[in-house]
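Peer 1: A single structure is presented below for examination.
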Amino acid sequence: MRSCEQGEQGSGRPMSKAKRNAPNRNVPNYSAPNHNATLVGLLAIVLFSAIVSLVRITAQNFGATLGAALIYTLTAVVMWVIRRPKRLRSLPLRYLLVCGTLFVVYEVSVGLAVGLAHNATQALEVSVVNYLWPTLMVLLSLIGRRFTAKTWLVIPGALLASLGTAFVVGGDAGLNPASIAAHIASNPVPYALAFGGAVTWAVYSVITPRISEGHDGITLFLTGVAVALWIVHFLTGSVPQHAHTAGIGAYIVLVAAALVIGAGYACWDAGIMRGNLTVLGSASYAAPVLSSAIGALALGASLTVSFWQGVVLVVVGSLIGWWATKDASAEPKS
């Protein structure tokens with residue numbers, strides 16, 4: 001190749017404009033998705049799927065509020081070590097206030113929802129309720145947009161996801177409205193927190209790209225979560241008697257939960273920055289299935305057929321919504 005280029009240049013004939021502007025095939029294309037980064041992003045999905053089980057076990061050992069506060073305090077420490085943020089002044093104030101508040105509300109809501117569940121099965125139920133956020137995010141992202149024949153598929157997708165959530169919450173009775181209402185009424189706070197978290201994260205996911213100006217405040221936000229959880233604990237929480245005699249195993253799970261959350265965010269950031277977003281976006285919708293499977297094994301929860309039917313419906317509904325809108329915001333590159 002080099003000798004051919006030298007021969008053309010040495011012949012005295014000027015190179016054509018097309019040849020001068022042609023890309024050098026010997027130079028790596030850094031804009032192409034990186035395979036290793038995609039794998040790292042997929043690892044984040046696995047890590048996130050294990051969080052519900054680790055948070056639930058920690059809540060059983062230390063109490064819902066104290067356990068969550070301890071987890072996110074250690075997570076914040078981990079994040080300050082591996083992802084030290086830029087100077088506070090460099091971050092847009094609107095991004096810090098709005099997105100930071102939404103992030104803190106979401107993490108506090110979900111962490112407490114899992115911890116306040118009456119049993120392991122209910123903890124997995126509220127985690128599936130939380131996975132309504134992809135469907136809600138898709139619906140919010142369509143506000144003000146023109147609907148096409150394809151984007152109308154969002155509606156059946158949202159209905160399927162909602163139907164799946166009803167299956168999950170209904171337990172053995174499935175879609176019996178009276179049974180669903182009674183099940184929620186027996187312990188309404190976790191379900192309300194999980195649904196509120198789903199709405200909050202959907203809003204956060206939609207507005208963050210618009211006002212963040214490319215900045216990343218995750219480490220600061222997680223620090224805010226830790227502070228908020230300590231405030232909640234001191235105002236409303238109580239420490240179980242057995243927390244004072246927690247064994248080494250309880251502290252190992254506590255540290256593991258913090259490391260999993262911190263590593264999950266770090267891996268996800270690497271994946272979305274340099275990996276294949278299409279692959280990661282598609283794979284993330286399998287998280288409810290993976291999270292439920294890990295939870296069933298780790299927590300010893302007995303999950304009914306209706307539960308798994310509901311999880312599948314949530315995943316399918318979310319995937320339909322994602323497929324219907326994945327090109328809706330695409331803009332032609334200049």
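Peer 1: Using per-residue counts of other Cβ atoms within 10 Å, averaged over each peptide, order 55-65, 221-231 from highest down. Display every interim value, and only then the final one.
Peer 2: Numbers: 55-65: 24.3, 221-231: 20.8.
Going from most to least packed, we get 55-65, 221-231.
Peer 1: Can you quote the Å³ per residue value for the convex hull of the Cα atoms in region 35-324, rounded to an integer?
Peer 2: Values: hull volume 39.5 nm³, N = 290.
Per residue, the Cα convex hull of region 35-324 comes to 136 Å³.
Peer 1: From the residues W323, L96, W133, which one has its Cα farthest along the dipole of region 35-324 in the positive direction, the dipole being from +1 and -1 charges on Cβ of Lys/Arg and Asp/Glu about the Cα centre?
Peer 2: L96
Peer 1: For the ranges 203-214, 114-125, what's the packing order if you count other beta-carbon atoms within 10 Å of each residue, average per peptide, and put the highest first?
Peer 2: Working: 203-214: 14.7, 114-125: 22.2.
Result, highest mean Cβ count within 10 Å first: 114-125, 203-214.
Peer 1: Another question about this same structure. Along the charge dipole of region 182-334, Cβ charges K/R +1 and D/E -1, which of A246, P209, L297 sits furthest on the positive end?
Peer 2: Comparing the listed Cα positions along the dipole, L297 ranks first.
Peer 1: Ranked from the most accessible area to the least, with a 1.4 Å probe and all protein chains present, what is the order of L74, L142, L159? Walk me through the intermediate numbers first.
Peer 2: Working: L74 65, L142 15, L159 115 Å².
The residues order as L159, L74, L142, largest area first.
Peer 1: For region 34-48 and region 270-318, what is the centre-to-centre distance using only Cα atoms, to the nearest Å?
Peer 2: Cα centroid to Cα centroid, the span is 15 Å.
The values are calculated or read from the model by the stated rules, or taken from the named source; none is laboratory data. No experiment lies behind these values; they were computed from the predicted model shown. Neighbour counts run over all protein chains shown; Cβ positions are idealised from the backbone, glycine included. These accessible areas exclude ligands, DNA and RNA; they are computed on the full protein's heavy atoms, side chains included. Shrake-Rupley method; radii C 1.70, N 1.55, O 1.52, S 1.80 Å.
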